[in-house]
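The next block holds one structure in the form of structure tokens; read it before the comments.
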Amino acid sequence: MKRLLYLSLLFISLCILSSCSSQDQSRYLLLADESADFETRLSIYRDAVESNPDDYRAYYNLAYLYLYGEDYQDAEQVLLASIEKFPDSFRFYSALLYLYENTKEKGKELDLLLRMMELTPADEQVRTRLLELLDESGDPRAYDEARDTLLYFPDNQIAINILAKRHPFFESRAVINSTEEDILALDLPLSYYASSPLVNQDNYKETFLSSNGGTVIENGQSQSE
């Protein structure tokens with residue numbers, strides 16, 4: 001009887017400690033959010049990454065501050081480590097694409113897009129940006145990627161333009177001279193999310209894959225749609 005009582009008390013104590021620990025892990029978010037000093041916020045998130053290695057918010061907000069301060073070298077290191085640790089969170093990929101766009105590192109951007117293609121083959125924005133880079137550099141892979149893109153998105157104009165160079169069937173459908181509106185529509189994939197920090201956003205729902213289906217990240221946990 002005493003043993004049962006002891007185990008029950010131990011279980012209750014662990015639950016209380018777990019709850020407190022969870023609250024402590026989020027406390028740095030409020031602290032950093034209220035701090036107006038840039039260097040102080042950086043210090044808070046650096047410490048948070050070390051003390052909360054499983055909290056993706058600490059990593060993202062640290063990377064975001066580096067991007068905001070145009071410290072691209074440190075931002076890249078944090079984002080690459082974050083992708084390895086949280087491979088299902090699209091925000092890290094988006095922020096890294098944003099970084100490579102600003103640093104004009106198209107080789108790295110291309111490598112990252114190819115990696116994203118393995119995870120999200122049915123994302124038209126990712127495919128379109130990939131086709132742009134391949135076509136721009138004269139990469140022979142552009143034709144195969146364009147052909148595969150039309151299997152998912154038969155009206156993708158970039159893919160049609162690429163195929164029109166080698167197959168007369170697509171010539172009548174090609175729009176080689178894109179309008180300004182077309183160009184503006186082909187924004188960096190997912191770059192919107194690279195401009196918004198995650199501070200204090202505990203109740204959210206993000207989709208890494210396109211609306212056609214895929215992995216949903218909900219409160220840091222991966223679930224299958």
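The values are calculated or read from the model by the stated rules, or taken from the named source; none is laboratory data. What you are looking at is a predicted structure, and each value in this text was computed from that prediction instead of being measured. All Cβ positions, even for glycine, are placed from backbone atoms using ideal geometry, and neighbour counts span all protein chains on display. Please note that ligands, DNA and RNA were not included when accessible areas were found on the heavy atoms of the full protein model with its side chains. Shrake-Rupley method; radii C 1.70, N 1.55, O 1.52, S 1.80 Å.
Below, the figures for the structure above:
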| item | result |
| --- | --- |
| Test: residue in region 97-107 that is charged (D, E, K, R) and more than 27 Å from L150 (Cβ to Cβ) | yes |
| Near pairs, Cβ below 6 angstrom, 6+ apart or cross-chain, from region 59-74 (free of Cβ contacts under 8 Å to residues at least 24 places away in the same chain and farther than 12 Å from S43 by Cα) to any residue that is open to solvent by less than 50 Å² (accessible area, probe 1.4 Å) and hydroxyl-bearing (S, T, Y) | D74/Y66 |
| Evaluation of F86 against (1) among the hydrophobic types (A, V, I, L, M, F, W, C); (2) open to solvent by 30 Å² or more (accessible area, probe 1.4 Å); (3) over 14 Å from the mean Cα position of the chain (by Cα) (one fails), failing number | (3) |
| Residue, nearest to P87 (Cα to Cα), within region 97-152, restricted to residues that are among the hydroxyl-bearing types (S, T, Y) and surrounded by 15 or more Cβ atoms within 10 Å (Cβ to Cβ) | T120 |
| Criterion: at pLDDT 85 or above, open to solvent by less than 20 Å² (accessible area, probe 1.4 Å), more than 30 Å from R41 (Cβ to Cβ) and of a type outside the set (S, T, N, Q) - qualifying residue of I162, I158 | I162 |
